Each structure stands twice: as C-alpha cells, then as structure tokens.
Amino acid sequence: MSMVETGIPGLDELLSLNDGEGFPQNTTTLVYGPPKVGKSIFSYQFAYHGLDLKEPCLYITTDDGIKQLIQNMMDFGWFLQGFIDEELLYVIDSISSLSGVRMENTATYASSKINDPTDLMVKVGLGTRFVFKKSNEFRSVFDSLTTPFVFNPEPMVVRFLKTYLRRLKEAGATVLVNYTEGVASPGTERILKSIVDNVIMLDGSYMTFKSSYDLMGTAKYDITDQGIVLGEGEIL
C-alpha cells in the first residue's frame, strides 16, 4: 500500500503501516476539535509537505482569503509563492468575495462563494482537472467545513462534502478536511466522521487518531514556530 507522509514530526511514524509512513494514499481524513487547537496548522503542514515533495495540491480555503493564507503559512516559514509560480498549488478562495475583496482569477487561483455550494463544486471540478494534469497522485485540503455550516443548511453541506470526497478520490487525491467541533448538530457530526476513512481529533494537548486500517492511537503534541510536533504516543 502506498503511503502519503503528513509532514508532522512523530505522526507519520505512529501511522506507519508495513514499510510506509503516513496516511494510505487516496484516502480521506477529517481533522476536528474545538477552536484554536491547531486544525488549520495541521492542514497547512500537510499541504506544504506535499508541495515540498513536488506533489500538487488543491487547497480550498473558506476561513481566510488567499492573502491571509499565504501570510499564515509564512509565519511558520512555509513560503507558497514558488509553488504557485510552478503551478503546483491551486487555491479556491470562497471567502474573499464575501468580504467585498475583488480578486482576479488566474491559472492557479479561483474565487468562489461560501454561500453557493454549487458554484464551489464547479470550481472544485476545474481545480481538480488542473492538478490532475500535473499528477494523478495529489493532495487536496478543505480548510475548513466550519464556515460553510454557518452560511448553509447542514444537509446541503453534507451533500456537498460527499460529492467533493467522491470526486477527489476518483481523481486519485489524498484528502484532508478540517472542522470545528460543535458548529453542526451532533447527528451531522456523526455523519462527518462516518464518511471519511481516517479521523483525527485535536484537543489542544493530545492528538487522537483512528485510521481506515483499524489503527488507533494517541500522542501529546505541541504547536511550535515550525508547526505541530508530536511527543510521546502509543497505539491503542
């Protein structure tokens, strides 16, 4: 089984399977937890590590516009502009237009609307085709589901997510989605966890994971100026 490294020190080793480390390729992972525990940082780290390995990435940002995304990653020493110039990174920005910021679409950037899942799905299709031409093994990050739940009915967001995950898996992507716990109803949260292959929960001190190949574990983690770093962990 091919594996995709997360780029998070300590996590890939805990997720190791046979001779590989990380997530099984072409699987979907939900990263969830309360606010301000590192979910977006996890997403940044996962995307940047792939880009550093020359793996294309389709990044959907709904919480921050592209300028803020670039700045947030720069704060950790992760610079995106070179990968944008190489056309390895394709960004779909669904929040800037809502704030009134006018952004021109480019070969690697598309503006969408957070309150229009149909338009967002169209842009996902265009972005998927773009990165697929670069490689049929690529990463996709959805950062995050939290804002779509604020602006759209829960069933609509769930339908969108199911379609998004299906299309990206069919294209060969390894997908990461993050979500802030408590924004949607308990029933909807159970659905979110049931439609992905892997689930990772962050609580600010511990990272707990359950994988599609029946691997469960937990580890302490810290957020440093170089991103998330795992401490001691154990397989359950």
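Which value, in debye to the nearest 20, describes the size of the charge dipole of region 83-156 about its Cα centre when Lys and Arg Cβ atoms bear +1, Asp and Glu Cβ atoms bear -1, and nothing else is charged?
Approximately 140 debye in magnitude.
Explain nothing, just the number: relative contact order of region 47-179, from Cα pairs under 8 Å at least 6 residues apart, as a whole percent.
Relative contact order for region 47-179 comes out at 29 percent.
Using a ≥ b ≥ c from the Cα gyration tensor of the chain (square roots of the eigenvalues), is it rounded, prolate or oblate, where a/c under 1.5 gives rounded and otherwise the larger of a/b and b/c decides, a/b for prolate?
rounded
What full-extension length gain, to one decimal in nm, is calculated for residue 154 and residue 191 as 0.36 nm per residue of separation minus the Cα-Cα distance?
The residue 154-residue 191 span can extend by a further 12.2 nm.
For the chain, what's the relative contact order in percent, using C-alpha pairs closer than 8 Å and at least 6 residues apart?
Relative contact order of the chain: 27 percent.
Just list whichever of 39/67; 113/210; 169/210; 162/210 have alpha carbons separated by over 22 Å in the model shown.
Those over the limit are 113/210.
What residues qualify as long-range amide H neighbours of residue 217, i.e. H under 5 Å apart, gap of 5 or more or another chain, H built at 1.01 Å from N?
Those qualifying (amide H under 5 Å, at least 5 residues apart or on another chain) are 209, 236.
I'd like the carbon and sulfur percentage of the solvent accessible area for the chain, probe radius 1.4 Å, heavy atoms only, ligands and nucleic acids excluded.
So the carbon and sulfur contribution to the accessible surface is 50 percent.
What is region 1-114 by shape, rounded, prolate or oblate, if you read a ≥ b ≥ c off the alpha carbon gyration tensor as root eigenvalues and call it rounded for a/c under 1.5, prolate for a/b larger than b/c, and oblate otherwise?
Prolate is the answer for region 1-114, as a/c is 1.5 or above and a/b outweighs b/c.
Just want the answer: with Cβ charges of +1 for Lys and Arg and -1 for Asp and Glu, which residue in 198, 233, 158 is farthest toward the dipole's positive end in the chain?
Going by the charge dipole, the pick is 158.
What share of the DSSP beta bridges in the chain is antiparallel, in percent to the nearest 5?
Counting DSSP beta bridges with both partners in the chain, the antiparallel share is about 45 percent.
Taking the solvent-accessible surface of protein heavy atoms with a 1.4 Å probe, what is the per residue accessible area of the chain in Å²?
Each residue of the chain exposes 45 Å² on average to a 1.4 Å probe.
Give me, ordered by chain and number, the residues 5 or more places off residue 144 or on other chains with an amide H under 5 Å from its own placed amide H.
Answer set, sorted by chain and number: 62, 63.
Could you pull out every residue, at least 5 positions away or on a different chain, whose amide H is within less than 5 Å of the one on residue 6? Hs are placed 1.01 Å off N in the peptide plane, and Pro or chain starts have none.
When sequence neighbours closer than 5 places are left aside, the close amide H contacts are 12, 23.
With unit charges on the beta carbon (Lys/Arg positive, Asp/Glu negative), name the residue among 149, 46, 84 whose Cα is farthest towards the positive pole of the charge dipole of the chain.
149
With the chain treated as a Gaussian network of Cα nodes joined by springs under 10 Å, which of 97, 144, 111 yields the largest mean-square fluctuation?
Result: 97 has the largest fluctuation of those listed.
Please state the charge dipole magnitude for the chain, taken about the Cα centre, from unit charges on C-beta atoms (+1 on K and R, -1 on D and E), reported in debye and rounded to the nearest 20.
Charge dipole of the chain: 960 debye, to the nearest 20.
The values are calculated or read from the model by the stated rules, or taken from the named source; none is laboratory data. It should be emphasised that the depicted structure is a prediction, and the values quoted were computed from it without experimental measurement. We place every Cβ from the backbone using ideal geometry, glycine too, and count neighbours over all the protein chains shown. Heavy atoms of the whole protein, side chains included, go into the accessibility calculation; ligands, DNA and RNA do not. Shrake-Rupley method; radii C 1.70, N 1.55, O 1.52, S 1.80 Å.
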